[in-house]
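S.K.: I have a structure here, written as structure tokens, and I will follow up with some questions on it.
The values are calculated or read from the model by the stated rules, or taken from the named source; none is laboratory data. What you are looking at is a predicted structure, and each value in this text was computed from that prediction instead of being measured. Cβ atoms come from the backbone with ideal geometry, glycine included; neighbour counts cover every protein chain shown.
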């Protein structure tokens, strides 16, 4: 038996395509059902292949969660959950133009063998539940916005059939009740785990963050490994700067990479906008950036990053928000409470 091997797993709703890589070459390709029985069969196949197997999956949602948790529990198997954008760029570097499930598994196996391997640290079941609940709450919010727009459009014409208006109003009422139920369940789960409850209360001390935003932020931050540093937080959110310059012919303005968790960026946006408008500390920081020539959106993204840095510090030191650690106000206003 080989001592080590790499494995790429392409995950779909019903099937797992697996490519095994040994001694620098991909040599085996199989498929398994994405079910509990299929996961057991896959594990038996992998532990027979080598003494230690490094497995790479893409972070593509809930379809791969159960298999990742199941395989990660075996000490003979090491699991890495890779950023889909990084895997896509890696496939381009390999000049891989075609796309199919077996080819995607082959790319993931090559990624596991060639790129730095970072073992996945699964979050707690409570954290996963909060993430799922908060994402569903946001999805319902987007649905409610569309329904309200439809209702507004129907109200401007006398030709509208009355039953359409009635049904849209019922739909909005159902969404509101569903959001309330999901919010209560999320709060119940958070209250049952001391670490999550403490972080939730710390988030509520942030300027611009109310209960809804605190739930959304906690749901996404709960997925981060406990040992991640602040730079990894920023990269995870896709708020890290991306410079685009080469010689004298290419000189574009830096922008954020967006290679990260879009849900976290979305959860930071409204708190940052509220803090920039109504909080003295963040407002002063926002204005200072504009005075240095930054456009409004660039300054707002910087506020989002500051909020994330502040959150990291609060969680690390178990302390409520302190505006003096974020931005030093001019002397005339430094004594005013943030």
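S.K.: So if I check each of 15, 23, which one is out of contact with any helix residue (DSSP H, G or I) (no Cβ under 6 Å at 6 or more places or on another chain) and closer than 17 Å to residue 105 by Cβ?
M.R.: The match here is 15.
S.K.: Restricting attention to segment 16-48, report how many residues are in a strand (DSSP E or B), under 29 Å from the mean Cα position of the chain (by Cα) and surrounded by fewer than 16 Cβ atoms within 10 Å (Cβ to Cβ).
M.R.: Residues that pass the stated criteria total 1.
S.K.: Quick one: in segment 68-88, of everything that is under 19 Å from the mean Cα position of the chain (by Cα) and assigned to a helix (DSSP H, G or I), which residue is surrounded by the most Cβ atoms within 10 Å (Cβ to Cβ)?
M.R.: Here the residue is 87.
S.K.: Another question, then. Any residue that is farther than 24 Å from residue 217 by Cβ and in contact with a helix residue (DSSP H, G or I) (Cβ under 6 Å, 6 or more places away or on another chain) - is there at least one of those in segment 124-146?
M.R.: No, there is no match, as no residue in segment 124-146 is farther than 24 Å from residue 217 by Cβ and in contact with a helix residue (DSSP H, G or I) (Cβ under 6 Å, 6 or more places away or on another chain).
S.K.: Turning to a different aspect of this structure: Looking at (1) under 20 Å from residue 237 (Cα atoms); (2) touching a residue at least 12 places away in the same chain (Cβ under 8 Å), which is the one condition that is false for residue 285?
M.R.: Going through the list (1) under 20 Å from residue 237 (Cα atoms); (2) touching a residue at least 12 places away in the same chain (Cβ under 8 Å), residue 285 breaks only (1).
S.K.: Let me ask something else about it. Which residue out of 132, 105, 119 is more than 24 Å from residue 29 (Cβ to Cβ) and touching a strand residue (DSSP E or B) at 6+ places or on another chain (Cβ under 7 Å)? Full working, then the answer.
M.R.: On the way: 132 fails: touching a strand residue (DSSP E or B) at 6+ places or on another chain (Cβ under 7 Å); 105 fails: more than 24 Å from residue 29 (Cβ to Cβ).
Criteria check complete, one pass: 119.
S.K.: I've got another one for you. Which condition number in (1) loosely packed, with under 15 Cβ neighbours inside 10 Å; (2) modelled with pLDDT of 95 or more is the one that residue 158 fails?
M.R.: It fails just one condition, (2).
S.K.: Which pairs do you get when a residue that is assigned to a helix (DSSP H, G or I), found in segment 177-189, comes within reach of a residue that is surrounded by fewer than 17 Cβ atoms within 10 Å (Cβ to Cβ), reach meaning Cβ atoms under 7 angstrom, with the pair 6+ apart or on two chains?
M.R.: From segment 177-189, the pairs are 178/140; 179/140; 182/136; 189/126.
S.K.: Looking only at segment 228-237, decide whether some residue is exposed (fewer than 15 other Cβ atoms within 10 Å of the Cβ), more than 29 Å from residue 298 (Cβ to Cβ) and at pLDDT below 95.
M.R.: Looking through segment 228-237, none of the residues is exposed (fewer than 15 other Cβ atoms within 10 Å of the Cβ), more than 29 Å from residue 298 (Cβ to Cβ) and at pLDDT below 95.
S.K.: Moving on. What do you reckon, is residue 221 closer than 25 Å to residue 120 by Cβ, surrounded by 19 or more Cβ atoms within 10 Å (Cβ to Cβ) and out of contact with any helix residue (DSSP H, G or I) (no Cβ under 6 Å at 6 or more places or on another chain)?
M.R.: For residue 221, the condition - closer than 25 Å to residue 120 by Cβ, surrounded by 19 or more Cβ atoms within 10 Å (Cβ to Cβ) and out of contact with any helix residue (DSSP H, G or I) (no Cβ under 6 Å at 6 or more places or on another chain) - is met.
S.K.: Okay, next question. I'd like the full set of residues that are modelled with pLDDT under 95, in contact with a helix residue (DSSP H, G or I) (Cβ under 7 Å, 6 or more places away or on another chain) and in a helix (DSSP H, G or I), limited to segment 315-334.
M.R.: Hits for segment 315-334 are 323, 325.
S.K.: While we're here: Residue under question is residue 208, and the condition is that it be surrounded by 14 or more Cβ atoms within 10 Å (Cβ to Cβ), outside the structural domain of residue 262 (by TED's automatic domain parsing) and out of contact with any helix residue (DSSP H, G or I) (no Cβ under 8 Å at 6 or more places or on another chain); does it hold?
M.R.: Spelling it out, it is not the case that residue 208 is surrounded by 14 or more Cβ atoms within 10 Å (Cβ to Cβ), outside the structural domain of residue 262 (by TED's automatic domain parsing) and out of contact with any helix residue (DSSP H, G or I) (no Cβ under 8 Å at 6 or more places or on another chain).
Rundown of residues vs (1) within 30 Å of residue 131 (Cβ to Cβ); (2) in contact with a strand residue (DSSP E or B) (Cβ under 7 Å, 6 or more places away or on another chain), yes/no style:
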position	(1), (2)
3	no, yes
31	yes, yes
57	yes, yes
69	yes, no
72	yes, yes
90	yes, no
